[in-house]
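This report refers to the structure that appears directly beneath it.
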Amino acid sequence: MRAVWILWLRQLKRYSRSRARIVGSLGQPLLFLFALGFGFGPVFARAGNGSYMEFVTPGIITMAIVFTAVFGGIEMIWDRQFGFLKETLVAPVPRLAIVIGRTSGGATVALLQGLIVFVVCLLAGFRVHHPLLLPLALAFMGLISMLFTAIGTAIGSVLRDMQGFQLILNFLVLPLFFFSNALFPLAGLPAPLRTVVLLNPLSYGVAGMRAAFSGGIGFDMATDFAVLGAAAAFSLGISSLLFSRIEA
């Protein structure tokens, strides 16, 4: 348990010391927020779907969480190249504790990044219609953070350098985000695309967060929580298995 706390605090210290990383990771979500939120807002409203800003904000928060979480897991590659990972592996600590510590620390960092974007969205005009459900929205944000930090840890356990990172980003992380309901509603989608969206666990996280914020159209909230929780647990199990095979 002590090792878990140490690794968790280490991830937070990295985050707090890197101001450039904090500011840089806000660029893409804010670009999407203002470009899509205000650009597509009139079109979305004329289609009879209400405020696009309210619809897209959970997706923008999810974007900030997803990319920060994956990068947190990928940091393992840097630790391996500079020898920090070897020091961790030779310590008399179970591998599972190391994975839990790193994953929980990375997920906390991603959650903090999502909260920063949430505050910016409030300043941009987003309104929460169900304040009492905010803790539930935070729970969905936490599960998304855990899911993608575990995915990043699994990737970092397999890759030995950063050369394959762009491949992972373009063929795994970006499709998971864009083929969810983060930027567009399910209504009117072609059947094949709708099936892909329904098979994507991130869709359930965005839908649950959207329902908690504004009661928007989405799946049953209990189903959202169950699917997302199961996906996070499965990813954590896979990352633990892959990490256990790393040689010191």
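Pairs are defined by a Cβ separation below 8 Å, a sequence spacing of at least 6 or placement on different chains, a first member in the range 95-119 that is closer than 21 Å to ARG245 by Cβ, and a second member that is of a type in the set (Asp, Glu) and in a helix (DSSP H, G or I); the pairs so defined are GLY106/GLU75. When LEU176 is tested against (1) closer than 30 Å to ARG160 by Cβ; (2) at pLDDT below 90; (3) not aromatic (Phe, Trp, Tyr), just one condition goes unmet, and that condition is (2). Contact map, the range 131-146: first residue on the phi < 0 side of the Ramachandran plot and buried (at least 23 other Cβ atoms within 10 Å of the Cβ), second residue acidic (Asp, Glu) and assigned to a helix (DSSP H, G or I), Cβ cut-off under 9 Å, separation 6 or more or different chains; pairs are PHE140/ASP224. Per the listing LEU189, LEU241, LEU174, the residue uniquely surrounded by 13 or more Cβ atoms within 10 Å (Cβ to Cβ), without any contact (Cβ under 8 Å) to a residue 40 or more places away in the chain and not in a helix (DSSP H, G or I) is LEU189. The condition (being among the hydrophobic types (A, V, I, L, M, F, W, C) and at pLDDT 75 or above) is satisfied by just one residue among LEU89, LEU96, LEU85: LEU96. Of all residues in the range 151-168, those that are exposed (fewer than 13 other Cβ atoms within 10 Å of the Cβ) and closer than 14 Å to ARG245 by Cβ total 1. The residue list VAL128, VAL196 contains one member that is of a type in the set (Val, Ile, Thr), part of a helix (DSSP H, G or I) and over 16 Å from PHE243 (Cβ atoms), which is VAL196.
Conditions (1) among the hydrophobic types (A, V, I, L, M, F, W, C); (2) over 21 Å from ILE100 (Cα atoms); (3) touching a Cys at 6+ places or on another chain (Cβ under 9 Å), marked per residue:
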{"position": "PHE148", "(1), (2), (3)": "yes, no, no"}
{"position": "LEU159", "(1), (2), (3)": "yes, no, no"}
{"position": "VAL173", "(1), (2), (3)": "yes, yes, no"}
{"position": "PRO190", "(1), (2), (3)": "no, yes, no"}
{"position": "THR195", "(1), (2), (3)": "no, yes, no"}
{"position": "ARG210", "(1), (2), (3)": "no, yes, no"}
{"position": "ALA226", "(1), (2), (3)": "yes, no, no"}
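MET141 meets the stated requirement of being closer than 14 Å to ALA232 by Cα, of a type outside the set (Val, Ile, Thr), at pLDDT 85 or above and assigned to a helix (DSSP H, G or I). At least 2 residues being among the β-branched types (Val, Ile, Thr) is the threshold, and among the helices (runs of 4 or more DSSP H) wholly inside the range 26-117 those reaching it are 52-81.
When MET146, MET209 are checked against the criterion of being at pLDDT 90 or above and within 20 Å of PHE71 (Cα to Cα), MET146 stands alone in meeting it. Candidates are the residues of the range 6-26 that are modelled with pLDDT of 60 or more and farther than 17 Å from ALA69 by Cβ; the one that is surrounded by the fewest Cβ atoms within 10 Å (Cβ to Cβ) is VAL23. Would you call GLY73 of a type in the set (Gly, Ala, Ser) and closer than 15 Å to ARG210 by Cβ? No; evaluated as a whole, the condition is false for this residue.
The values are calculated or read from the model by the stated rules, or taken from the named source; none is laboratory data. Every value quoted in this text rests on a predicted model; they were computed, and no experiment measured them. All Cβ positions, glycine included, derive from the backbone under ideal geometry; neighbour counts span all protein chains shown.
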